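What follows is a set of notes on a single structure, which appears directly below.
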Amino acid sequence: MKKLLTFFLLYSCCTVINAQVMPTDTVPAIIHYKTENGITKFTSELRPLRAIAGAPAPFYTYFWEFGDGGFSFEENPSHIIRYDSIMVRLFATNNYDDGKRPPTRPKPIIRPPGPKPPVAKPMLAANDGYNLFKMGGNIEMKTNCMPKPGDDMMLVLGYRNKLENGQNNLNGTLAILYNDAEFSQNNFDLAESRTYHNEKKSDLKSLLNTAFLKNKNQEPVYYASSEKHFNLSPAEKVLLKDQAKAFKNQQSWKFENLQQNEERFVFLHFKTTPEMLKDTNAVVRIAGAFIPDNPLVETEFFTLELQIVASHDPNKMVLRKSRMNYRFTGKNRELTYKVRFQNTGKGPAKKIDVGVNISEVFDPATLKVVKTKPQVIQCDSAYANQSCLKTFFSADSVHFVFTNIYLPGMKQKGVKDADSTQGFVEYKIKFKEKPPKLPIKSGAAIVFDKNEPIYTNRAVGRFKMGLSPGIIVGYGFPFETDNGNYLNGKNFVLGASLSPYASHRYYWQVELYFNAFRESTYQVPVATATKDTVINRIDHIILNKQLYQTTKVNTINAVPLQMRYNISKYIGAGAGTLVALDLYHRTSSELRYRLRTQNAQGVPIELDYNRDMGQINKNFADLRVSFFADIQLGLVRVGPALGFRYIFDPKTNNNRMSTYVTWKF
């Protein structure tokens, strides 16, 4: 009994200790609110953050959805409740934290007693501070975070009837396109869409021929107009169906009575799939379309690029189209990099140094800055103390230095717009020459004023595997010749190979050789003593008797497993297994006699007589496995090469050497 009691006490203590150190990742965000003078102030209670060693101080970013079409990215927002009750949700994202994001639990809020504010007021005037439409168009989107495999992501799809449209009310269609067709797996599941202005789900098929006019000056928004009223040249015309082909899934809604200067928002709750592309350098896209029924109002297409992340970090480096086709990659291939940064401090930053290491495969002379935020000019053309960007190179890196700027800090007093604390530099660069087929890695270090550098993720460019077919023409011969064995006959072979395109080092290869038809006739020793016999009632004397067997074999040869290694551009080696399968094996026997007899005149004569002894047929008669090692000389990655292959059959101890020429395409 004492032992049982002792065990119980120890178990209880361990359970309590374990509960104290267990992570609190499952604790949902707790929402608090207080209403004064018709304005409700929201605050939250979240689990403590856990810092990552060596990383900046962790912090939360916030996305509030108020359940009436309103939202906020502030930490402690204020909101005017215009309905009797709303369902408030808080999506908090943990940055530089080693735990999971706090779960979201909707909280019902009852509007306090008092006069009810009007609901029909345009959304922009009803609650200030959304500030979503920074690109100047009728549609824009924003997410609460970059997608993380297995995590949730909220997307705000905003649309409006801006004053420039000149229309008092608008009807039309709103669409969202997701899951890039270029990826085999789906990256998103649309778990829920929440609308608040009687938007009705619709079918996008009837609108796929809507023409878009691309505006190069305001990416990533694409403007367009209906071809019924505007004469678009083929170069300017972009059809919605052409854009839709890039995505596997879509959802659309019909909207009505969109008032002038009114802003509306649709909230899309995406579940990022656990099998989402694991490459945390990859960029996925979500696109939105705004298609008014009135053809005089421009139709717009907005694309949002999102980097897949392993952890939430506002300072990132992105390589667009990081998966490249090596066959079409040459010296003039231009890569686009973008380094994002955010001032998370308590005060503004006046100087930001973005240092990026440059891979040796690039030509620094081809680097050109495409866009920046804050938008500044180059320092070599700026006047004294003007905000500018200085670009200079060191041994293996390039530095983009923002000088005399003002980038607010997230924790700075009076700063409510998190977007104002963010910036980026985007640049393009070309290769020196066709690079080796190896990953291209780059990273950035960001220094705000005189603070310690913040290191970003590594942007990795990878080449797609690609397939390289090849032809093989060879000649094989044995070390030891045995004329009685048809397998050892000298022979030519013709085959084909398949391997990854232009592999730099290790790679696999399979080979298949065309069916080999072999026929061999050989003598089998038999007793040949002189003997009398009768053929067709005529006496004969058997002078000699020989037994011949003819073997016909149809064989298919394949190399199902082979590992190769390219030592250099001109030398490659490999080892693998050669399998030979006899599809059919036919053996026929024939007795050949030398006879003596007499003709009608009694003169002795000699003649030959053959007797068919039948045949034996076998299908899939024999399977032989051999091992080989070889070496190739020539253009071993792509092109012609000469190979020498040593083959060993452990079953028969047969050694062979074959010589072949291969050409990979």
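The values are calculated or read from the model by the stated rules, or taken from the named source; none is laboratory data. Everything quoted here is computed from the prediction, not taken from an experiment. Cβ coordinates were reconstructed from backbone atoms using ideal geometry, including for glycine residues, and neighbour counts include every protein chain displayed.
Numbers below:
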item: Residues located in region 638-653, provided they are within 15 Å of residue 577 (Cβ to Cβ) and more than 39 Å from the chain's Cα centre (by Cα); result: 646, 647, 648, 649, 650, 651
item: Qualifying residue in region 322-340 (condition: among the hydrophobic types (A, V, I, L, M, F, W, C) and loosely packed, with under 14 Cβ neighbours inside 10 Å); result: yes
item: Within region 351-369, considering residues that are within 21 Å of residue 432 (Cα to Cα) and of a type in the set (D, E, K, R), the one surrounded by the fewest Cβ atoms within 10 Å (Cβ to Cβ); result: 360
item: Region 344-354: number of residues that are assigned to a loop (DSSP other than H, G, I, E, B) and either outside the structural domain of residue 410 (by TED's automatic domain parsing) or β-branched (Val, Ile, Thr) (or both); result: 1
item: Lone unmet requirement of (1) surrounded by fewer than 21 Cβ atoms within 10 Å (Cβ to Cβ); (2) assigned to a strand (DSSP E or B); (3) among the charged types (D, E, K, R) for residue 300; result: (1)
item: Hits in region 431-455 - residues which are among the basic types (Lys, Arg) and surrounded by fewer than 18 Cβ atoms within 10 Å (Cβ to Cβ); result: 432, 434, 441, 450
item: Lone qualifier among 81, 17 - being at pLDDT below 90 and crowded, with 16+ Cβ neighbours inside 10 Å; result: 81
item: Conditions (1) within 30 Å of residue 254 (Cβ to Cβ); (2) part of a strand (DSSP E or B); number of the one not met by residue 294; result: (2)
item: Pairs where the first residue, in region 323-335, is assigned by TED's automatic domain parsing to the domain that holds residue 365 and closer than 15 Å to residue 464 by Cβ and the second is assigned to a strand (DSSP E or B) and hydroxyl-bearing (Ser, Thr, Tyr), C-beta under 9 Å, 6+ apart; result: 327/468
item: Condition check for residue 129: modelled with pLDDT under 90 and either of a type in the set (Val, Ile, Thr) or surrounded by fewer than 13 Cβ atoms within 10 Å (Cβ to Cβ) (or both); result: no
item: Residue under evaluation residue 256, criteria (1) surrounded by 15 or more Cβ atoms within 10 Å (Cβ to Cβ); (2) modelled with pLDDT of 90 or more; (3) part of a strand (DSSP E or B), criterion not met; result: (1)
item: Residue 337, sole failed condition from (1) farther than 15 Å from residue 461 by Cα; (2) at pLDDT 90 or above; result: (1)
item: Unique residue being closer than 30 Å to residue 316 by Cβ and modelled with pLDDT under 90 when the list is 136, 158, 166; result: 136
item: Per-region count, region 489-544, residues at pLDDT below 85, not charged (D, E, K, R) and not in a strand (DSSP E or B); result: 8
item: Single unsatisfied condition, residue 346 versus (1) at pLDDT below 90; (2) in contact with a strand residue (DSSP E or B) (Cβ under 8 Å, 6 or more places away or on another chain); (3) charged (D, E, K, R); (4) more than 23 Å from residue 457 (Cβ to Cβ); result: (2)
item: Scan of region 603-633 for residues that are modelled with pLDDT of 75 or more, exposed (fewer than 11 other Cβ atoms within 10 Å of the Cβ) and assigned to a loop (DSSP other than H, G, I, E, B), ordered by number; result: 603
item: So residue 316, is it surrounded by 15 or more Cβ atoms within 10 Å (Cβ to Cβ), among the basic types (Lys, Arg), in contact with a strand residue (DSSP E or B) (Cβ under 8 Å, 6 or more places away or on another chain) and at pLDDT 85 or above; result: yes
item: Residues (β-branched (Val, Ile, Thr) and within 30 Å of residue 635 (Cβ to Cβ)) located in region 564-588; result: 567, 571, 577, 579
item: Some residue of region 428-436 being within 28 Å of residue 59 (Cβ to Cβ), aromatic (Phe, Trp, Tyr) and in contact (Cβ under 8 Å) with a residue 60 or more places away in the chain; result: no
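Here's the yes/no breakdown for (1) outside any loop (DSSP other than H, G, I, E, B); (2) under 20 Å from residue 342 (Cα atoms):
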position: 356; (1), (2): yes, yes
position: 367; (1), (2): yes, no
position: 380; (1), (2): yes, no
position: 385; (1), (2): no, no
position: 392; (1), (2): yes, no
position: 398; (1), (2): yes, yes
position: 414; (1), (2): no, yes
position: 420; (1), (2): yes, yes
position: 423; (1), (2): yes, yes
